[in-house]
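The values are calculated or read from the model by the stated rules, or taken from the named source; none is laboratory data. As the structure is a prediction and not an experimental result, all values here were calculated from the model. Here Cβ is always computed from backbone atoms with ideal geometry, including for glycine, and neighbour counts include all displayed protein chains. Quick note on the areas: whole protein, heavy atoms, side chains included, nothing else; ligands and nucleic acids left out. Shrake-Rupley method; radii C 1.70, N 1.55, O 1.52, S 1.80 Å.
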Amino acid sequence: MELHHLQAFVLAVELGSISAAARRLGKHQSQVSQWISHLEADLGLALFNRSGNHSQLSEAGQQLLERAQLLVDQSQQLTDAALALSRGQPTSLRVGVEHFVPWPCLAPAWAHAAKQLPHLKLISRQGERDSLLQQLTQGQLDAILLCEESSLHYPEYGYQRLGSFAEVLAVAAQHPLALGDEPISCERLSLYPELILSQHEDESIAGLYSPQWLAFGSLSGLLQCLEQGMGYGFVPLPCITTELAQGRLRCLTSQVEPRPILRRVELLWRPGLALQPWGATLLQSLSQHHHFQS
């Protein structure tokens, strides 16, 4: 079985005829027909039902088409990766995302970047702020997205503010806090466990309002336990829109935080990334196609 035999088969199906596939490949129709016949002989199956000058994809051809397309695509990816390496281009770009940054806001930008850079692997890594900054400094990441803190100047990195998202106090609809009056006092919050996002294991980490707290290493784990009524937590609003609409979670107001908290998101990247075509494309996608609030 030869790769160009598979390519001829896939193109004939995608373009609607063997003659169209031959024109795309710059070959005579007889040559492409012979390639497909050789493939059928190797497989021991007829890929087309032939009648006169007309050919129609057979049932076996329909079942094998997707696998053939995958092999052809993988071959092209291998060729593109080898070409990139020969030119000194990367084969992947790595982006770190702080745990609390909501993926529903980032996903459109990520999808746009993947479409614009089809020959590169886009790798995302989630982690805590200090760890991501260290990985960026050491060259293990190309860019990172963080929730903004007090430091607004990063002379060693490229820097851009992207926007913001709302953080809200949420509980399960059946939780006792959801059944009382609002705004909720700090004294009342202290009666129930607070769910916090943290990967630290030492006792220096604690809840904001309650002596009882449960720490989670991932936002998804925190949200699942929040919905089970294990306590309350401050979470990104974009991550719970479905649960709120379906009545499984409720947003509350507290005396300390009567309104949603706006968390700004910042994008940092390694020096020189913006000067590379693929790096500039990645940064443009992240900065222009996200769904954070402006």
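Results, tabulated for the structure shown:
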read-out	value
Helix axis angle, 29-43 relative to the chain longest principal axis, alpha carbon, degrees	70
Convex hull of the stretch 155-294 built on C-alpha atoms - directionally averaged projected area, nm²	10.5
Relative contact order of the chain, pairs being alpha-carbon contacts under 8 Å that are 6 or more residues apart, as %	22
Signed unit charges on C-beta, dipole axis of the chain, positive-most listed residue I240, S19, H290	S19
Within the stretch 188-294, GluC sites (Glu not before Pro) in DSSP loop having at most 16 other beta-carbon neighbours inside 10 Å	E201, E203
Residue of Q174, Q246, Q135 that the Gaussian network model of the chain assigns the largest fluctuation, springs spanning Cα pairs under 10 Å	Q246
Dipole in debye (nearest 20) - the chain, about Cα centre, beta carbon charges: Lys, Arg +1; Asp, Glu -1	1160
Å² per residue, accessible surface of the chain at 1.4 Å	55
MRE, 222 nm, helices only [DSSP H, n ≥ 4, -39500 (n - 2.57), over the chain, to nearest 500]	-12500 deg cm²/dmol
